[in-house]
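Derivation of every value follows stated rules applied to the coordinates shown; laboratory data play no part. Predicted model only: the values in this text are computed from it and were never measured. Backbone-built Cβ (ideal geometry, glycine too); neighbour counts: all protein chains shown.
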Amino acid sequence: MASSPVPDYVIVGHIIKDKVDDGYLLGGTVSFAGGVVHALGVPLGVVSAADADGRKLAARMLPDAEFRWTDSAETTIYHNIYKPDGRVQYCLALADMLAPTDIPDDWCAAPIVHLGPLTGEVPPEMVDRLSDDTLVGVTPQGWLRRRLADGRIEAKVWDSYQAVLRRADVLVFSEHDPTTEEECQRYLDASKVAVVTRAKFGAEVHAGGTITHVPTYPATEVDPTGAGDGFCGAFLVEYRRTGSAIDACRFASAAASLLVEGPGIAGAADEDRIRERMAGPTREE
């Protein structure tokens, strides 16, 4: 039997079941970035861990993706509670951790590999397996948080950032991920290209010693969960195509503004809709 083609975009990390009022939605970096990548028509591969129900949910929501699963007795479950002063998160269940060898050998040379841990499940040394020709993107929130005994998620310092960012090509994170400006600057200084997202206030691209502000686009927000992850998926696809971090950020900002207009990954848009949104005004115009 002939082997399957190597996906153009590989995401590594736990799929998440997000608890909502009437059940669960597929969530997490794998889901939101994967949903955007899938909507763009880019062949998608996923390296993850989940139980049988979680795998079925993922296959239903990302029907054309190639999955490489690690056996797990549970699927990771998150509950996001939005309050006026910010979001409180609980991790109600946690799937098994991933190992460097869980990514197939041929997938290590995929055009794009996105490391997207949610709860520290991706080993930092996985970057050492990736080809020099691979565009490596990182959304580090899972290395910036820990799970407490009651399931609540709290912030922590990213102790492996130097080892990861020495190889990574692009770092994307929210302004709320690091807890201090000093910590944020450490990650920026160690990055080749970094994007700091600031929700409706746009994003900052740090590249080549310069900082460029890129505004976002007006949106009718339904569900803000996963906007940053969807942003990263679109950014890496466009950055690989164009080599321009600024152009990729504009494209990703439009993709994220569409994503938040639906629940879960339902708002993920194809390229035509993203280009149409880009042709309209930004929030600052």
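Report the full-extension gain for the segment residue 182 to residue 128: residue separation times 0.36 nm, less the Cα-Cα distance, to one decimal in nm.
Stretched out fully, the residue 182 to residue 128 stretch lengthens by 16.7 nm.
Tell me which residues come under 5 Å, amide H to amide H, from residue 114 once H is placed; ignore anything under 5 positions away on its chain.
Correct list: 10, 11, 12, 137.
Most exposed first by the Cβ proxy, i.e. fewest other Cβ within 10 Å, how do 201, 173, 251, 67 rank?
Going from least to most buried by this count: 201, 67, 173, 251.
Relative contact order for the range 118-158 using alpha-carbon pairs under 8 Å, separation at least 6, rounded to a whole percent?
Contact order relative to length: 40 percent.
Report for the range 9-273 the percent antiparallel among DSSP-assigned beta bridges with both residues inside it, nearest 5. Could you put the intermediate results ahead of the total?
Values: 26 of 54 bridges.
Percent antiparallel among DSSP bridges in the range 9-273 is about 50.
Can you list residues from other chains, or at least 5 along the same chain, whose modelled amide H is less than 5 Å from the amide H of residue 145?
Sorted by chain and number, the residues that satisfy this are 156.
Please compute the contact order of the range 9-273 in relative form: average sequence separation of alpha-carbon pairs under 8 Å and at least six residues apart, divided by the residue count, as a percent.
18 percent
Going by how many other Cβ atoms sit within 10 Å of their own, how do 213, 114, 79, 206 line up, fewest first?
So the residues, fewest neighbours to most, are 213, 79, 206, 114.
Defining a contact as two alpha carbons under 8 Å apart and six or more residues distant in sequence, what relative contact order in percent does the range 138-230 show?
20 percent
Based on alpha-carbon positions alone, could you give the equivalent ellipsoid semi-axes of the range 175-285 from the gyration tensor, as √(5λ), descending, whole Å?
Gyration-tensor ellipsoid for the range 175-285: 23, 16, 12 Å.
For the range 13-19, take each phi angle, set θ = phi - 60°, evaluate the Karplus expression 6.51 cos²θ - 1.76 cosθ + 1.60, and give the result in whole Hz per residue in order, putting x for glycine and proline.
These are the phi-based 3J(HN,Hα) values: x, 5, 6, 10, 9, 8, 6 Hz.
Short version: ³J(HN,Hα) in whole Hz for each residue of the range 252-259, in order, from phi by Karplus 6.51 cos²θ - 1.76 cosθ + 1.60 (θ = phi - 60°), x for Gly and Pro, what are they?
5, 5, 5, 4, 5, 5, 6, 4
By average Cβ neighbour count within 10 Å, what is the ranking of 9-22, 132-145, 29-42 from highest down?
My ranking of the peptides, most packed first, is 29-42, 9-22, 132-145.
I'd like the distance between the alpha-carbon centres of the range 212-241 and the range 158-187, rounded to an integer number of Å.
Rounded to whole Å, the Cα centres lie 19 Å apart.
Any idea what the dipole of the chain comes to, in debye rounded to 20, about its Cα centre with Lys/Arg Cβ at +1 and Asp/Glu Cβ at -1? Let's see the in-between values first.
On the way: 27 positive and 43 negative charges, 47 e Å.
Here the size comes out at about 220 debye.
Determine, for 101, 70, the number of other Cβ atoms within 10 Å of each Cβ, and report the residues in order from fewest to most. The partial results should precede the final answer.
Values: 101 11, 70 17.
Final ranking by Cβ density, sparse to dense: 101, 70.
Taking a label point 7 Å from the Cα of residue 87 along the Cα→Cβ vector, which residues of the range 152-185 have an amide N closer than 12 Å to it?
Within reach of a label on residue 87: 174-177.
Per residue of the range 57-63, in order, report the coupling 6.51 cos²θ - 1.76 cosθ + 1.60 (Karplus, θ = phi - 60°) as ³J(HN,Hα) in whole Hz, putting x for Gly and Pro.
My calculation for the range 57-63 gives 4, 5, 5, 6, 7, 10, x Hz in order.
Report, by chain and number, residues whose modeled amide H sits under 5 Å from the one on residue 27, excluding near sequence neighbours (fewer than 5 apart, same chain).
16, 17, 18
Any chance you could get the radius of gyration and Dmax over the Cα atoms of the chain, in Å?
My reading of the Cα-based Rg and Dmax gives 17.3, 55 Å.
In terms of Cα to Cα distance under 27 Å, which lysines are near enough to residue 83, apart from those fewer than 8 places away along the same chain?
Of all the lysines, those that pass the test against residue 83 - Cα under 27 Å, at least 8 places apart if same chain - are 17, 19, 156, 200.
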